[in-house]
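Have a look at the structure below before the remarks.
The values are calculated or read from the model by the stated rules, or taken from the named source; none is laboratory data. Quick caveat: nothing in here was measured; it's all calculated off a predicted structure. Cβ placement follows ideal geometry from the backbone for every residue including glycine, while neighbour counts extend to all protein chains displayed. With ligands, DNA and RNA removed, areas are computed over all heavy atoms of the protein, side chains included. Shrake-Rupley method; radii C 1.70, N 1.55, O 1.52, S 1.80 Å.
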Amino acid sequence: MKLQVAIDLLSTADALALLNKVAEHVDVIELGTPLIKQEGLSVVTNVKAAYPNKLVFADMKTMDAGELEADLAFKAGADIMTVLASAGDSTIAGAVKAGKAHGKAVVADMIGVANKPARLKELKALGVSWVELHAGLDEQAQAGYSIEKLLDAGRNAEIPFSVAGGINTERIAGVEAAGATIAVAGAAIYGAKDPGAAAKRLREKIKQLG
């Protein structure tokens, strides 16, 4: 299982400062939607230039103009971009088309999707590279939130999946056991007093599990 850091900071400088501490421990660098909205796609270009050997994930959360937005992300240097699973099929198909043209990955973000099993089957048919089972920050803040709902969807998925939603060292064992190919950690890394040590602990936990 790979480790992905989700960077929800708001400046390129802060993102690069964080990566200077954690990049050696992660496989995938995710540039969060707020960061891309604040800095534009230049943050993708700058991070890819700084870390050419890492997979750079542009969390576009595209809802329309799938082919166009995917093309923009890939031209900026992204290896992976996201389209919302709740978008229309034509939007997702357009993003997949651009992904194939660039030889890059398109991920469907399942945030906000109520009927996950049905949509997972449709997304597989649409040809996305994998799906991200994702509970956003607002959902995680609600009383009674449990990552188990995401893991249940993953266990029954017939498509590769990543998991994002409050992953930490206590939860990561369950994520790998559910069959995820990527664990996405955000605040557990960037919100830690020592982000480098936090990323290293997560990496070591994955190694132990593997």
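Couple of notes before you dig in:
For every residue, the table says whether it meets (1) outside any strand (DSSP E or B); (2) among the hydroxyl-bearing types (S, T, Y); (3) open to solvent by less than 40 Å² (accessible area, probe 1.4 Å).
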| residue | (1), (2), (3) |
| --- | --- |
| E67 | yes, no, no |
| V128 | yes, no, yes |
| V131 | no, no, yes |
| A143 | yes, no, no |
| G154 | yes, no, yes |
| E158 | yes, no, no |
| V163 | no, no, yes |
| G174 | yes, no, yes |
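- The condition of being charged (D, E, K, R), open to solvent by 30 Å² or more (accessible area, probe 1.4 Å) and under 23 Å from P160 (Cβ atoms) holds for K2.
- Check on K200, open to solvent by 50 Å² or more (accessible area, probe 1.4 Å), assigned to a loop (DSSP other than H, G, I, E, B) and either modelled with pLDDT of 95 or more or under 22 Å from L84 (Cβ atoms) (or both): no
- M81 fulfils the conditions (1) in a helix (DSSP H, G or I); (2) surrounded by 19 or more Cβ atoms within 10 Å (Cβ to Cβ); (3) without any contact (Cβ under 8 Å) to a residue 40 or more places away in the chain; (4) aliphatic (A, V, I, L, M) except for a single criterion, (1).
- Candidate set: the range 103-136, residues that are within 26 Å of L72 (Cα to Cα) and without any contact (Cβ under 8 Å) to a residue 24 or more places away in the chain; chosen: the one nearest to the chain's Cα centre (by Cα): G103
- The set of residues in the range 95-115 that are part of a helix (DSSP H, G or I) and open to solvent by less than 10 Å² (accessible area, probe 1.4 Å) comprises A95, A98, G99.
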